[in-house]
Amino acid sequence: MNEKQVQDMPLLSKADAAFRQAAKKIIQRARQTHTPVLVWEEGHIKEIPCDHFETTTATMELREPRP
């Protein structure tokens, strides 16, 4: 995606793309360190094993940001 396309994206799409990029980096770091990913879910902290995300990351890369 070039700079012009990024500038023309709605703010929601930019935020979604940034969130996906950050999530991808977090998952990569968890794999490298063999640590779980911590998330806030339903008022509690939840640990998700890093190996749970192996197929999810590939899916994230294939999906385009929302228009």
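For the stretch 52-61, indicate whether the set of residues that are loosely packed, with under 10 Cβ neighbours inside 10 Å, over 11 Å from the mean Cα position of the chain (by Cα), outside any loop (DSSP other than H, G, I, E, B) and modelled with pLDDT of 85 or more is non-empty. Checked the stretch 52-61: no residue is loosely packed, with under 10 Cβ neighbours inside 10 Å, over 11 Å from the mean Cα position of the chain (by Cα), outside any loop (DSSP other than H, G, I, E, B) and modelled with pLDDT of 85 or more. The condition (being in contact with a Pro (Cβ under 7 Å, 6 or more places away or on another chain) and either in a loop (DSSP other than H, G, I, E, B) or among the hydrophobic types (A, V, I, L, M, F, W, C) (or both)) is satisfied by just one residue among A22, A30: A30. Inspection of the stretch 36-46 finds no residue satisfying the criterion of being out of contact with any strand residue (DSSP E or B) (no Cβ under 8 Å at 6 or more places or on another chain), at pLDDT 85 or above and among the aromatic types (F, W, Y).
The values are calculated or read from the model by the stated rules, or taken from the named source; none is laboratory data. Given the structure is predicted, the values throughout are model-derived calculations rather than measurements. We place every Cβ from the backbone using ideal geometry, glycine too, and count neighbours over all the protein chains shown.
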